[in-house]
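The values are calculated or read from the model by the stated rules, or taken from the named source; none is laboratory data. Here the structure is a predicted model, which means the values were calculated and not measured. Methodologically, a virtual Cβ is constructed for each residue, glycine included, from the backbone with ideal geometry; neighbour enumeration extends over all protein chains shown.
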Amino acid sequence: MKAILFVVSLFLVNMGCEKGSDATVSEFTHDKDIILNDTIYIGYGQCISDFEKQDAICFDSVLSDSRCPEDVVCVWAGEAIVRFRFEIHGHAPVLVNLHVETPDHDTIVYGYKLTLFDLLPHPNTKNETLPVNYRARILVTRGE
């Protein structure tokens, strides 16, 4: 029984050590404006910002990418999970995980609705995707 608890504890500790989970917005690139109601691309480690309001939405990390490679026929499509960080003036930072092509592809945080449409590039068996090469296709609107 103690061995099972030990293994479960290690698993839970390891989950808290995901890449990007300790990043702060100051480590990100703040060179794009938040554009409401228009689909845009945001790169890994990049933020879209409302400089006047001091708000930012950042592409924090790719937690997993098990999507079927483009050059393979798969039985299951797989999924990608992308973590975004909301830095809204006057509020504590919020990390959210959105899934590509699933019902969990959007969220509302502090009045911003973020929808994740795609994660590029798609996996390919011939090329490994480095984190810095990821881009997320997103839409930001006003939430309720």
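Worth pointing out:
- When region 1-33 is filtered for residues that are surrounded by 15 or more Cβ atoms within 10 Å (Cβ to Cβ) and modelled with pLDDT of 50 or more, the ones remaining, listed by number, are 28, 30, 32.
- In region 34-73, residue surrounded by the fewest Cβ atoms within 10 Å (Cβ to Cβ) [restricted to those that are part of a loop (DSSP other than H, G, I, E, B) and among the hydrophobic types (A, V, I, L, M, F, W, C)]: 73
- Residue list for region 123-144, restricted to those being touching a Ser or Thr at 6+ places or on another chain (Cβ under 8 Å), of a type outside the set (Val, Ile, Thr) and under 22 Å from residue 35 (Cα atoms): 137, 139
- Qualifying residue in region 107-118 (condition: in contact (Cβ under 8 Å) with a residue 24 or more places away in the chain, among the β-branched types (Val, Ile, Thr) and under 16 Å from residue 45 (Cα atoms)): no
- Cross-chain or 6+ apart pairs with Cβ under 6 Å, region 38-55 first and farther than 22 Å from residue 133 by Cβ and of a type in the set (S, T, N, Q), then part of a loop (DSSP other than H, G, I, E, B) and modelled with pLDDT under 95: 54/89
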